[in-house]
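The block underneath contains the structure these notes are about, expressed in structure tokens.
The values are calculated or read from the model by the stated rules, or taken from the named source; none is laboratory data. Keep in mind that this is a model prediction, so the values were computed, not measured. In this analysis, Cβ positions are derived from the backbone assuming ideal geometry, glycine residues included, and neighbour counts consider all displayed protein chains. Each accessible area value is taken on the protein alone, full model and side chains, heavy atoms only, with ligands, DNA and RNA left out. Shrake-Rupley method; radii C 1.70, N 1.55, O 1.52, S 1.80 Å.
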Amino acid sequence: MRRKFAVQLYTLRKECEQDFPATLRTLGEMGWAGVETAGLHGHSAEEIAGVLEESGLKTAGMHVSVEQLRSNARHVMAEARILGTNRLICPSVPHEWRNEEGYVRLREELNAAAAEADVEGFTVSFHNHAFEFDTNVDGLDALSYLIEPSANNAVLAEIDVYWLTKAGYEPAAFIERYGGRMPTMHLKDMTGDERRTYAEIGNGIIDFEPLLLWGELNGVEWYVVEQDLCEGKALDSVRISLGNLHALSDRLQARHP
């Protein structure tokens, strides 16, 4: 399981902007197995692929906007191929689409992108926040509509367990429907105080044990840690999260060899 822990680089956006290669090398030295990209900060895919290989890191996936997926798909897939991933993930919903008509359009656009990507061996997933639950489409909340596990929907899930919790859902129960349809899962913890804000994995109130156990049985390839805001240094936060995840995975594997 240790070889499935990746960090979403949005967490380290300031560090990546200042020195992307050095940040990747630091993550490799920490013991991370992979990264999920959120842009290349002016570097070429070839350069970053070289740094990843040097650092012992793999690419868990790429966060790519729906606009990029539809207007620049060939370039996106070429970059993904160089970086060694076949997982393309839409990270959010454009603000102007956060209504019933917009979610219908988004599902159509993501399915069109998925059809084009499938020919080249890529998949398209959607990463959620909490606001999708504010809108209903065809009798479903907008998130369930977008990632509906049906034959006519190719959009896979990248469930963010913090945002599910924020919306009032129990993550372990919510993800049950998505076995085999969630190659990447976003792990993010929540403080237990009245702020209910971001915390390092293991330092908050979310129970990750059932999520990891479910993931191991249902096709999760990468557990991707993201912390939108860190109270201290972001590199310190991801170091704490990885240490706690390693300890948890070791306990789970001792109990479930």
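Restricting attention to region 143-168, the residues that are open to solvent by 40 Å² or more (accessible area, probe 1.4 Å), over 18 Å from the mean Cα position of the chain (by Cα) and among the small types (Gly, Ala, Ser) total 2. Considering region 78-116, the residues that are among the basic types (Lys, Arg) and in contact with a strand residue (DSSP E or B) (Cβ under 9 Å, 6 or more places away or on another chain) include one that is farthest from residue 186 (Cα to Cα), namely 107.
Which one is surrounded by the most Cβ atoms within 10 Å (Cβ to Cβ), of the residues in region 80-89 that are touching a residue at least 40 places away in the same chain (Cβ under 8 Å) and hydrophobic (A, V, I, L, M, F, W, C)?
Applying the filter and picking the extreme gives 89.
Report yes if some residue within region 21-34 is in contact (Cβ under 8 Å) with a residue 24 or more places away in the chain, in contact with a Ser or Thr (Cβ under 8 Å, 6 or more places away or on another chain) and assigned to a strand (DSSP E or B); otherwise report no. Yes, region 21-34 contains a residue that is in contact (Cβ under 8 Å) with a residue 24 or more places away in the chain, in contact with a Ser or Thr (Cβ under 8 Å, 6 or more places away or on another chain) and assigned to a strand (DSSP E or B). When 120, 170, 148, 158 are checked against the criterion of being within 14 Å of residue 90 (Cβ to Cβ) and either at pLDDT 95 or above or of a type in the set (Lys, Arg) (or both), 158 stands alone in meeting it.
Kindly indicate whether any position in region 126-142 is of a type in the set (Gly, Ala, Ser), out of contact with any Pro (no Cβ under 9 Å at 6 or more places or on another chain) and buried (at least 18 other Cβ atoms within 10 Å of the Cβ). Yes: region 126-142 contains one or more residues that are of a type in the set (Gly, Ala, Ser), out of contact with any Pro (no Cβ under 9 Å at 6 or more places or on another chain) and buried (at least 18 other Cβ atoms within 10 Å of the Cβ). Scanning region 181-192 for any residue that is more than 12 Å from residue 11 (Cβ to Cβ), of a type in the set (Asp, Glu) and in a loop (DSSP other than H, G, I, E, B) turns up nothing.
Within region 215-224, the residues that satisfy the criterion of being open to solvent by 20 Å² or more (accessible area, probe 1.4 Å) and either among the β-branched types (Val, Ile, Thr) or more than 21 Å from residue 31 (Cα to Cα) (or both) are 217, 218, 219. Looking at 205, 240, which one is of a type outside the set (S, T, N, Q) and part of a loop (DSSP other than H, G, I, E, B)? Within the list 205, 240, the selection yields 205.
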